[in-house]
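Structure, as structure tokens:
What follows draws every value from the coordinates through simple rules; no lab data is involved. Please read all numbers here as calculations on a predicted model, not as lab measurements. FYI the Cβ positions are ideal-geometry reconstructions off the backbone, even for glycines, and counts take in every protein chain you see.
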Amino acid sequence: MKLDTFLKENRIKLNPEIKKFSDDGLEIMKRAKDPLHNLSHIERLFSELNLFLKKSNKKHDINFNILVPAICWHDTWRSKRASKNSIKIIYDFVMDGVGSERLTKKALKKVKIDKKTGKNIRYCIAKHSSVQLRKPRTEESRLLIDIDTVDMWSPERLEIAKEFIKENRGLKRVARITRRLALRKEDKEKYYFPWFKKRHKTVFPKFIKKMEELIWVSKPKKKRFQKLKSLLPFVKMSS
């Protein structure tokens, strides 16, 4: 879902400076090198947020002048990196929130957004990273974490990035580990909002099915093993 569509459907009017700043973040995401962290990822997050607002029974006190730009900017640092080495991929994972928060801080100096709002936007972005010492304390930061976590298990995201993953040896290795860990904690994924916990149960099985459809999950090793096995009779004959 595009940002303008999301705002129109939910009758949300942003501060003009906030809207412009959000659009600036989307422009960065359009030029993403990493297909796992690109504009389509951001648009899926707006789709998830839209579903939440329409189907969640509870009313939530959300400041969209904080949440919307935080969504648009939360992966700007990661979007510029397309690491192919396992160690670099893990580094990107750990530094995810910090890197984007620094980029956002730099960009905020060039716009007329009050310091308190800017600080809260940066807080959401810094807190969205999986590596945290303290729990997020604001409604907006918790929401960003939940919609981002749901999309992490999105089969659509996997489909878009499958060619990139196939060609990326380091990412394939990380993906196999992720799959094993995911299956172990299928019902243990933490969400701050109960609605997203239910949403996870819908999305997760489709994600695993999609992952198992892709060649890179386990077939390459099996293929090599079968080739060696087929040579065994000839080895025995020659001996």
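Right, ALA32: crowded, with 16+ Cβ neighbours inside 10 Å and farther than 17 Å from ILE145 by Cβ or not? Yes.
Checked against the criterion of being of a type in the set (D, E, K, R), free of Cβ contacts under 8 Å to residues at least 24 places away in the same chain, out of contact with any helix residue (DSSP H, G or I) (no Cβ under 7 Å at 6 or more places or on another chain) and not in a helix (DSSP H, G or I), the candidates LYS8, LYS13 yield just one match: LYS13.
Can you go through SER100, SER141, SER130 and tell me which one is among the polar types (S, T, N, Q), surrounded by fewer than 16 Cβ atoms within 10 Å (Cβ to Cβ) and in contact with a helix residue (DSSP H, G or I) (Cβ under 9 Å, 6 or more places away or on another chain)? Spell out how you get there, then give the answer.
Numbers: SER100 fails: surrounded by fewer than 16 Cβ atoms within 10 Å (Cβ to Cβ); SER141 fails: surrounded by fewer than 16 Cβ atoms within 10 Å (Cβ to Cβ).
Residue meeting the stated conditions: SER130.
One residue stands out in segment 35-78 among those that are farther than 24 Å from ARG199 by Cβ and in contact with a Gly (Cβ under 8 Å, 6 or more places away or on another chain): the one that is surrounded by the fewest Cβ atoms within 10 Å (Cβ to Cβ), namely TRP77. May I ask you to say which residue of GLU48, GLU27, GLU43 is under 21 Å from MET152 (Cα atoms), among the acidic types (Asp, Glu), out of contact with any Asp or Glu (no Cβ under 9 Å at 6 or more places or on another chain) and part of a helix (DSSP H, G or I)? Result of the check over GLU48, GLU27, GLU43: GLU43.
Evaluation of LYS20 against the conditions (1) under 22 Å from ASN120 (Cα atoms); (2) in contact with a helix residue (DSSP H, G or I) (Cβ under 9 Å, 6 or more places away or on another chain); (3) not in a loop (DSSP other than H, G, I, E, B) shows that the sole unmet condition is (2).
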